[in-house]
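Structure record follows, encoded as structure tokens.
Every number in this text was worked out from the coordinates using simple rules, so none of it is lab data. Note that the coordinates shown come from a computational prediction; the quantities given were computed from them, not determined experimentally. Cβ sites come from the backbone with ideal geometry, for glycine too, and all protein chains shown count toward neighbours.
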Amino acid sequence: MDPVRDITPRPGMSANRLVQQMQAGGGFTAKKIGDAVDILEEMITSEFHLSLTFPACIIATGARGVIRELVRRDLVDLIITTCGTLDHDIARSYRDYYHGSFALDDVELHRKGVNRLGNVLVPNESYGGIIEEKMQAWLPELAEQQQRWGTRELCTALGEHLDDSSILSWATRNDIPVYVPGITDGAVGSQIWMYAQTHPFHIDLLKDEQELSDTFFSHEQNMGALIIGGGISKHHLIWWNQYRGGLDSAVYITTSPEWDGSLSGARMREGISWGKLQETARYVTVEGDATALLPLMTAALLERLS
């Protein structure tokens, strides 16, 4: 039995040292954060094939920079996300989002043409307007290259049009595949649909599924995952891993409760019963807001890896 140690903050304390003290402090979620960084470090240094999944909402926040840094440093091997990630990544490459409040008057915001995403404000011109402008300029060029696209191919092509602030740009440079199984559920997907009304352009999701099948059936590496939030991104990853006997290791960050039976609330241990996580896997579920947890965990992780 390890004794509980007090956390003693000091001026200039590094993120890694703080996380180590939190882990030794044995306090509820604090200990889980330390365990999560240990597992992430092990997956990277042991050369696991590391998948990253996340929802779009955090890309509207400064957490976009944390995801970008993981991709820029080539620390992940595969990404599964939602269409909104493409939306926010493209939009924020050209326009600003703004600080707001959860308590603002949504009727007034609507009348002013401002969308509220939690406490982030997204003016229409910073979202739908700029995405439509860019996609309608890029789609004819893409249609000349080919008329049937998987979402991985599409994300690679979009990354070629974006600057260093973009997640997609770094994924393209580092040859990290990005899959979007719900591609029509967002502004980018809607722009593709509108373009396809008058031009030959098709999204072939089965292209993606074949590539994912080849990835998870052919790799002899251990399979690991950093899963942020639930929904289609999380499930698409664990669904494919069940066909190879489950993930070998995983870190899951969620704000959802377990008692409602939702996928987002399902702890990693539940995946064992489905064969989506191996019985012998090392894993942890960390309850909390990823926009607060992920920067701390990533800073500690990068310090260790350096």
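Spacing of the modelled spin labels on residue 279 and residue 220, each 7 Å from Cα toward Cβ, amounts to 2.6 nm. Spacing of the modelled spin labels on residue 148 and residue 302, each 7 Å from Cα toward Cβ, amounts to 4.2 nm.
So what's the angle, to the nearest 10 degrees on a 0 to 90 scale, between helix 187-196 and the longest Cα principal axis of the chain? The two axes meet at around 30 degrees.
Working note: 222 nm ellipticity from helices only, DSSP H runs with n ≥ 4, each -39,500 (n - 2.57), summed and divided by the residues of the chain, gives -15000 deg cm²/dmol to the nearest 500.
Using the alpha carbons alone, the radius of gyration of region 114-192 stands to its Kirkwood radius in an Rg to Rh ratio of 0.98. Taken one residue at a time, the phi angles of region 281-287 give Karplus couplings (6.51, -1.76, 1.60, θ = phi - 60°) of 5, 9, 7, 8, 10, 10, 8 Hz. Gly and Pro are set to x.
Estimated from the Cβ-Cβ distance and a Förster radius of 25 angstrom, the FRET efficiency linking residue 8 and residue 69 is about 0.30. Under a model in which nothing but the beta-carbon of Lys, Arg (+1) and Asp, Glu (-1) is charged, region 1-55 shows a dipole of about 300 debye around its Cα centre. What's the angle, to the nearest 10 degrees (0 to 90), between helix 290-305's Cα axis and the longest principal axis of the chain? That works out to roughly 70 degrees.
Summary of the geometry: region 54-85 and region 94-128, compared by the centres of their Cα atoms, lie 21 Å apart. In whole Å, how far is the Cα centre of region 219-239 from that of region 277-306? Their Cα centres are 14 Å away from one another.
Compute the signed sum of charges (Lys and Arg +1, Asp and Glu -1) over the other residues within less than 11 Å, Cβ to Cβ, of residue 75.
-2
Can you pull out the chymotrypsin sites (Phe, Trp or Tyr not before Pro) in region 213-291 that DSSP calls coil and that have at most 10 other Cβ atoms within 10 Å? Sites meeting the loop and neighbour criteria: 259. Taking amide H positions as modeled 1.01 Å from N, with prolines and chain starts lacking one, the residues under 5 Å from residue 277 and 5 or more places away or on another chain are 247, 272. Computed from backbone phi, the HN-Hα couplings of region 219-225 come to 6, 8, 5, 5, 9, x, 8 Hz, rounded to whole numbers (Karplus: 6.51 cos²θ - 1.76 cosθ + 1.60, θ = phi - 60°; Gly and Pro given as x). What you get for the chain, charging only the Cβ of Lys and Arg (+1) and of Asp and Glu (-1), is a dipole of about 640 debye around the Cα centre.
Compared with the direct C-alpha span, the chain from residue 205 to residue 101 gains 33.7 nm at full extension, assuming 0.36 nm per residue. Each semi-axis of the equivalent ellipsoid for the chain is √(5λ) with λ an eigenvalue of the Cα gyration tensor; in descending order they amount to 33, 25, 18 Å.
Annotated for the chain: lysine pairs at least 8 residues apart or interchain, Cα distance under 29 Å, count 10. Measure nothing but the geometry: give the 0 to 90° angle between the long axis through the Cα atoms of 128-145 and the longest principal axis through the Cα atoms of the chain, rounded to 10°. Approximately 70 degrees, to the nearest 10.
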